[in-house]
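The values are calculated or read from the model by the stated rules, or taken from the named source; none is laboratory data. No experiment lies behind these values; they were computed from the predicted model shown. All Cβ positions, even for glycine, are placed from backbone atoms using ideal geometry, and neighbour counts span all protein chains on display.
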Protein chains: 2
Amino acid sequence: MEKFELHILGCGAALPTPHHFCSSQVLNIREKLFMVDCSEGIQMQLRRSRLKFSHLNHIFITHLHGDHCFGLMGVISTFALLGRTATLHVYGPQGLREIFQPQIDFFCQGMDYTVELHELDHKQSEAIYDDRSVTVYSFPLKHRVPCIGYLFKEKEVMRHIRRDAIDAFGIPISQINNIKAGMDWQTPDGDIIPNHLLTTPPDPIRSYAYCSDTMFSPRNAELLEGVDLLYHEATFLQAHELLARKTFHSTAQQAATFAQLCHAKKLLIGHFSSRYEDADVLAEAQSVFANTIAAKEGLCISI
Amino acid sequence: MEKFELHILGCGAALPTPHHFCSSQVLNIREKLFMVDCSEGIQMQLRRSRLKFSHLNHIFITHLHGDHCFGLMGVISTFALLGRTATLHVYGPQGLREIFQPQIDFFCQGMDYTVELHELDHKQSEAIYDDRSVTVYSFPLKHRVPCIGYLFKEKEVMRHIRRDAIDAFGIPISQINNIKAGMDWQTPDGDIIPNHLLTTPPDPIRSYAYCSDTMFSPRNAELLEGVDLLYHEATFLQAHELLARKTFHSTAQQAATFAQLCHAKKLLIGHFSSRYEDADVLAEAQSVFANTIAAKEGLCISI
């Protein structure tokens, strides 16, 4: 299977601590890197991860709180110093341009590449990025400020060719793509060889969704139905549910309940508050949704 | 002696590396903390240093290159989240307000303390801060953009009282400060007791100067004459002197020559480029000025 890997660069809430950087992740889809959120110091984490800076062309910011975007200028400047020439696309809610364009203009005069800032509508879901292997959708989260979740979904891929069958029936190379796409094969004698004898099923379509920061928001369950890996913030324990509501965050129990609602295959929780032990937050989520894991700096998950 | 300690939080040039954070230091003068430069991720370094956040009220930015100020918004935000109420003063060259005030307004709405941004004249030396124990002077550095060095100089302090002599002559408490200030004591019988019998000499006046980023700039030697500890950037080896000149930086040899010129008691070098081993840069400086040490994250120097 082609690569579809998630790297956790930071998973702490609000304040960086000795245990956690603030929110940032990189999704590696067939060696194209997609960053989600970009907190302070994340360029150092990116270096530690040994991911190739030059393969990162798209950064998705969920919202304009410092713990989700204070690393952006560092990343942009470092890329300039490293001689980058490829355009870097940064997506985020309204306000992205107002706050970052003046900084880019001030700090990055004369750099050899362009940063394109894309402001998204935080009130609706839309396809915001598309290439031949993946589509990225935005969707609304429910936070104190405009906040956007991101869904990364592989495109339907072709069936796998069975080399032995192709050889046995003497099928010419020019026909391979048609057969991969599902066509049967008619021999020179007029016999029809059904496609399922010539191919094996395609790889399953994989998907990853990122929900942070947000209150429990069941309206997104339909869009995320069946998602392979769901990242959902779990800032609080259920004991502090009122506080979670007041600050527009979620409890671990709510994150797990949302994973159930959208039939996620696996739940990844993060945005850990320093007031708890991560293990306690994980235990609460697992009591509702067993297949839950806790984010951790340096963790790499193959989806 | 009262505390006069320098903490190195970061000492790398331009790009943070696995070995070095970018430029930032904290000077602890009698438990008042003064930060010089504030690079990305420095709030994490500040936490590691165990210096008390609440004792930091003054931050001095040398110039508006990202590797010297990208940590400022993180520090300001974290202080707000920790419930700070005391005003934070940030000093720097012109442009400081243009670039940081909009960010503070955007990211720190409703915080319980004020950040005062002080724009300094980068073309002349002036006293910019003063309390009962220290005066801070700005002075011009020679870089690609307006750039300011900072000199921290203790004030003349009073002589130490000799408890035993005070007791022996029955001198009342009301007179102690006069005696510390140098006055003699007249006994009720009219005898004059000279001050040197009642006191011991005051602690020497200590000073610390920060020169980064800058070309070799001998015009500052007079102001920094006899400085106890001189921090001077040493971005390049002398072999790359042309490159140093082109980028308005210094070589290790130039840093050491400047330390000689101003008769510094000790030289501390930093702003290390990742192209060299720090040890090679140190060796070059030491060959000219023996009492040189290399900055390193976590290093604490008592001045």
Q: Using the structure shown, decide if residue B:124 is at pLDDT below 95, outside any helix (DSSP H, G or I) and either in the same structural domain as residue B:26 (by TED's automatic domain parsing) or among the hydroxyl-bearing types (Ser, Thr, Tyr) (or both).
A: no
Q: Check off (1) under 30 Å from residue B:161 (Cβ atoms); (2) in contact with a Phe, Trp or Tyr (Cβ under 6 Å, 6 or more places away or on another chain) for residue B:260 and give me the number that stays unchecked.
A: (1)
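Quick grid of which residues meet (1) among the hydroxyl-bearing types (Ser, Thr, Tyr); (2) surrounded by fewer than 20 Cβ atoms within 10 Å (Cβ to Cβ); (3) within 29 Å of residue B:105 (Cβ to Cβ); (4) in contact with a Pro (Cβ under 8 Å, 6 or more places away or on another chain):
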position: A:9; (1), (2), (3), (4): no, no, yes, no
position: A:16; (1), (2), (3), (4): no, no, yes, no
position: A:20; (1), (2), (3), (4): no, no, yes, no
position: A:30; (1), (2), (3), (4): no, yes, no, no
position: A:36; (1), (2), (3), (4): no, no, yes, no
position: A:49; (1), (2), (3), (4): yes, yes, no, no
position: A:55; (1), (2), (3), (4): no, yes, no, no
position: A:71; (1), (2), (3), (4): no, no, yes, no
**Q.** Filtered residue count, the stretch B:171-200, keeping only those that are under 19 Å from residue B:156 (Cα atoms) and among the small types (Gly, Ala, Ser)
**A.** 2
(Q) Pull out all pairs, ordered by first then second residue, where Cβ-Cβ is under 7 Å, the residues are six or more apart or on different chains, the first lies in the stretch A:16-35 and is within 11 Å of another protein chain (Cβ to nearest Cβ), and the second is of a type in the set (S, T, N, Q) and outside any strand (DSSP E or B). (A) A:16/B:43; A:17/A:274; A:21/A:39; A:21/A:45; A:22/A:39
Q) Hey, any hits in the stretch B:78-90 for a residue that's touching a strand residue (DSSP E or B) at 6+ places or on another chain (Cβ under 6 Å), within 14 Å of chain A (Cβ to nearest Cβ) and on the phi < 0 side of the Ramachandran plot? A) no
Q | Condition check for residue A:142: surrounded by 13 or more Cβ atoms within 10 Å (Cβ to Cβ), among the basic types (Lys, Arg), within 30 Å of residue A:250 (Cα to Cα) and more than 14 Å from chain B (Cβ to nearest Cβ) | A | yes
Q: Could you tell me whether the stretch B:246-261 includes any residue that is farther than 30 Å from residue B:26 by Cβ and in the same structural domain as residue B:26 (by TED's automatic domain parsing)?
A: yes
Q: Scan the stretch B:170-202 for residues that are out of contact with any Lys or Arg (no Cβ under 9 Å at 6 or more places or on another chain) and either in the same structural domain as residue B:265 (by TED's automatic domain parsing) or surrounded by 16 or more Cβ atoms within 10 Å (Cβ to Cβ) (or both) and jot them down.
A: B:171, B:185, B:193
Q: Can you work out which of the residues in the stretch B:36-47 that are without any contact (Cβ under 8 Å) to a residue 60 or more places away in the chain and more than 7 Å from every other protein chain (Cβ to nearest Cβ) is farthest from residue A:103 (Cα to Cα)?
A: B:46
Q. Among the residues of the stretch A:272-292 satisfying the criterion of being of a type in the set (S, T, N, Q) and within 22 Å of residue A:9 (Cβ to Cβ), which is surrounded by the fewest Cβ atoms within 10 Å (Cβ to Cβ)?
A. A:274
Q) Out of the stretch B:48-67, which residues are within 11 Å of another protein chain (Cβ to nearest Cβ) and either within 16 Å of the chain's Cα centre (by Cα) or closer than 23 Å to residue B:151 by Cβ (or both)? A) B:64, B:65, B:67
Q: Kindly indicate which of B:295, B:221, B:255 is among the small types (Gly, Ala, Ser), surrounded by 24 or more Cβ atoms within 10 Å (Cβ to Cβ) and closer than 18 Å to residue B:142 by Cβ.
A: B:255
Q. Which members of the stretch A:264-279 meet the condition of being under 22 Å from the mean Cα position of the chain (by Cα) and among the hydroxyl-bearing types (Ser, Thr, Tyr)?
A. A:273
